[in-house]
1. Can you give the angle from 0 to 90° between the axis of helix 43-65 and the longest principal axis of the chain, with both taken from C-alpha atoms, to the nearest 10?
2. For labels at residue 114 and residue 98 in the simple 7 Å Cα→Cβ model, what's the distance in nm?
3. Compute log10 of I(q)/I(0) for region 2-143 with the Debye formula, placing one identical point scatterer on every Cα and leaving out solvent, at q = 0.16 Å⁻¹, to two decimals.
4. Pairs of alpha-carbon atoms within less than 8 angstrom and 6+ residues apart define the contacts here; what relative contact order does region 2-143 have, in percent?
5. If the chain between residue 65 and residue 140 were fully stretched, how many nm would it gain, using 0.36 nm times the residue separation less the Cα-Cα distance?
6. Could you list 46, 88 so that the one with the fewest beta carbons within 10 Å of its beta carbon is first and the one with the most is last?
7. Which of 101, 26, 17 moves the most in a Gaussian network model of the chain with Cα springs under 10 Å?
8. Helix 2-31 versus the longest principal axis of the chain: what is the Cα-based angle in degrees, 0 to 90, to the nearest 10?
């Protein structure tokens with residue numbers, strides 16, 4: 001279990017870095033009115049999508065087998081969770097599922113666009129919203145201990 005939690009924690013750094021890269025790349029393409037290329041732009045966005053989904057799957061596994069996830073809610077009830085426990089058992093998983101859904105929507109919408117600027121815009125907005133949500137619910141105290 002500890003190995004899985006460590007993988008989930010360390011992969012989070014990679015996912016976060018890729019998500020930041022994808023958002024800045026999309027913003028630069030959108031605002032700079034650049035051509036959306038398969039070699040760079042598509043690959044950055046797709047790799048970010050894939051890594052975020054892997055992270056989600058690992059996170060869901062951790063949620064269901066960890067004492068800090070579903071078991072904490074079952075044991076203590078919602079009223080028995082303090083702020084730190086509520087972050088791990090409820091807020092972090094729920095907000096990150098929404099964030100990954102937004103990233104997935106951004107990917108799906110960009111594929112339907114024929115205009116390069118619209119492709120960048122879709123990725124910038126939806127990946128950006130996903131990034132903001134993820135940043136809002138990272139258990140920072142655990143990351144830096």
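We did not get these values from a lab; they are worked out from the coordinates using the rules stated. Everything numeric here is computed off the predicted structure, so don't read it as measured data. Here the Cβ positions follow ideal geometry from the backbone for every residue, glycine too, while neighbour counts run over all protein chains shown.
1. For helix 43-65, the angle is close to 10 degrees.
2. Taking the simple label geometry, residue 114 and residue 98 are separated by 3.6 nm.
3. -0.79
4. Values: 148 pairs, mean separation 45.5, N = 142.
Relative contact order of region 2-143: 32 percent.
5. On the way: separation 75, 0.36 × 75 = 27.00 nm, distance 2.13 nm.
Taking 0.36 nm per residue and subtracting the Cα distance, the gain is 24.9 nm.
6. Numbers: 46 14, 88 20.
Ordered by Cβ neighbours within 10 Å, fewest first: 46, 88.
7. Of the options given, 17 has the highest mean-square fluctuation.
8. Roughly 30 degrees between the two axes.
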